[in-house]
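The values are calculated or read from the model by the stated rules, or taken from the named source; none is laboratory data. Not measured: the values here are computed from a predicted model. Cβ coordinates were reconstructed from backbone atoms using ideal geometry, including for glycine residues, and neighbour counts include every protein chain displayed.
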Amino acid sequence: MTGLITYVTPKCYYYYCSDDPDVQQQAAAALRGLAVNDTNKLKLVQEGALQPLVQLLQMSDDVEIQREAVGAIANITIADENKFEVRVVVFFPSIV
């Protein structure tokens with residue numbers, strides 16, 4: 001599964017940058033779904049999925065996109081190993 005994460009994360013980042021809100025929502029939903037697995041939670045953070053999720057959450061006014069992004073971030077933060085990284089990305093985005 002970790003090979004899939006390495007493949008999917010850059011694709012999702014590309015889709016976050018889309019102007020189409022449906023594409024953005026589906027990208028966040030894909031990561032939310034992948035982040036239910038403990039191994040995937042760690043790998044998603046290692047592959048850099050967290051920062052684009054936070055950016056998507058901050059930039060979008062669409063409630064459905066925000067819901068998917070928050071769900072993905074929440075799933076990722078369940079892993080204790082990711083809690084520090086989440087704090088850094090959310091509260092100090094300029095240093096990441």
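For the residues GLN51, GLN46, GLN66, the requirement of being closer than 18 Å to CYS17 by Cβ and without any contact (Cβ under 8 Å) to a residue 24 or more places away in the chain singles out GLN66.
How do the pairs read when you match residues in segment 29-43 that are assigned to a helix (DSSP H, G or I) with residues anywhere that are modelled with pLDDT under 90 and hydroxyl-bearing (Ser, Thr, Tyr), using Cβ under 7 Å and keeping only pairs 6 or more apart or on different chains? Filtered contacts from segment 29-43: THR39/THR2; LYS43/THR2.
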